[in-house]
1. Which of rounded, prolate or oblate describes the range 186-242 when judged by the alpha-carbon gyration tensor and an a/c cut-off of 1.5?
2. Using a 1.4 Å probe on the protein heavy atoms only, what accessible surface does Asp283 show? Give it in Å² to the nearest 10.
3. On a 1.4 Å probe surface of the protein chains, which of Lys192, Lys139 comes out largest in accessible area, and what is the full order?
4. Tell me, what is the 1.4 Å probe accessible area of Asp269, in Å² to the nearest 10?
5. Which FRET efficiency, nearest 0.05, do Arg22 and Gln132 yield, Cβ-Cβ r, R0 25 Å?
6. Heavy-atom accessible area of Glu254 with all protein chains present, probe 1.4 Å, nearest 10 Å²?
7. Quick check: Cα centre of the range 336-371 to Cα centre of the range 310-329, how many Å?
8. Quick one: the Cα spread of the range 287-371 along its three principal axes, in angstroms, biggest first?
Amino acid sequence: MTADDRTTTPAPHPGHLPVRLRGPADMAEMLPYLLGFFPDDSIVAVGLQGTALDQGGVIRIDIPEDPAQWERTAEEAARLLVELSERRDRRPVQVLLYLCRDPAGPARSPGDGHGVLTGLRPLAAALARAFQNEQVAVKESLCVSAGRWWSFLCTGADCCPPDGTPVRAAHQPSPLAVAATFAGLAPRGSRKAMVAGLAPIGPPGSETQRRALEDAGPPFVRELAGPGGRAATVERTAELLAEAMAEFRAGARELDAARTARLLIGMQDKLGRDRGAEYAEPDELAAAQRLWRFLIQRCVDPFEHLAVPPMTLLAWTSWLADDSATARVVLARALELEPGYTLAQLLYESLNCGISPDALLQVIRRERAARPRGGPLPGLPEPPPPAAPADPARPAAPGGGTGGDGGSAGAVADRGPAPGPDAAPDGPAGGDDRPAGPSAPSTPPAPPAAAVRTDGPSAAADRPEHGRRPRPQRTAPADSHLRQVRRHRGRHAIGD
């Protein structure tokens, strides 16, 4: 525990409820309320501003498994928090640090949470040095593991027992938890569990879905090259989406494998995906979220990359439902799979800026209302005529066009490794395009100054995993049709 035990109070703000943190115990208990989830295997830094130590920005970065990366990761964390704070309001004068890690895992200290404490001490020291170099004092530095917390700044057993101090359980709420709940802050479980909910299904369903995805490719390409071309394929995707939404609103929980495959392939086109984004009214959100989760979980190996559009739509509907924590976690996963996916970048940066989704929702409502039922999309560009295929089962890819969402190679099956950790993907205009450090692919815009809000923890900036793994080569039979789908994609209002 630090010697300075002054009260920390989030900055007063219209519609916000100040929550007082009176020491490390409150800090540990408040952590999942700040982010909306418990941040497994994470560094969390909370900036404190002004003489009253009002709460400023919040960032979360994955802890690298390789300790050799810790020093550079610490420098990146300190630089990021200061930059975000200065761009939004003012630089922090102090910082609260959290190192959260599960006791179990590869290359980690064995045993209980105390072993995690010992193993993470070098990282805590590196973070302290990095923030000191930025002229930001460390008010408190906590290790949170196995439901207990320890202070890295404590040197005596009198105030911090060797076995740690239990974090107050959710069924034993303190006045702080009650105040946070009243302010509209509600944790949604652990980040690890939220990401696990996006994983593809396993056998035997995975084999059935894989065959359906392979079989759907050639017919889709023939449909794309047939009468009506891209307009017809987009309308067919829209019809399937309407059927699926009607079934899910009636209580359905799944689709057959063939329709699932056709939907996943059709939504690789931005216009097909944007038709899915139109299911955004209050009475549609619950069914839409179930449908997007179902589709995400059917993107089985080697088709995991097809999950990016439904992930982005799940994030969009979560944001509309005031669940920014889920939206941020899902977008981080989508951008890990496809760093250049423009709509995911747009939503991710808007979330981190604390922007309301209302403006984008109005655009979508206007487009939905302007389109006659069953009619074509207004202003849909005609695709270039496809070349005559040499093999009906493997049509030649049409020439011209660019792949990806806003210029990325995207779901192209044979693309090379993802950009290295020092490469920043191209984002929407106005974004921060400076090269990121070794621990993240890009820098989100500055968050709002106050993180404890009645509308959820929108001030948090969540950073994807350090050292993203290169994407494996895709060699499934449907690969060639995916390349053609990408070449036929066009520009649309909410995608660019």
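The values are calculated or read from the model by the stated rules, or taken from the named source; none is laboratory data. Everything numeric here is computed off the predicted structure, so don't read it as measured data. Methodologically, a virtual Cβ is constructed for each residue, glycine included, from the backbone with ideal geometry; neighbour enumeration extends over all protein chains shown. To get the accessible areas, we keep the full protein, side chains included, count just its heavy atoms, and leave off ligands, DNA and RNA. Shrake-Rupley method; radii C 1.70, N 1.55, O 1.52, S 1.80 Å.
1. Because a/c hits 1.5 or more and a/b fails to exceed b/c, the range 186-242 counts as oblate.
2. The value for Asp283 is about 100 Å².
3. So the residues, ranked largest to smallest area, are Lys192, Lys139.
4. In the full protein context, Asp269 sits at about 10 Å².
5. 0.50
6. About 120 Å², rounded to the nearest 10.
7. Taking the Cα centre of each part, the range 336-371 and the range 310-329 sit 11 Å apart.
8. The principal-axis extents, from largest down, are 37, 30, 22 Å.
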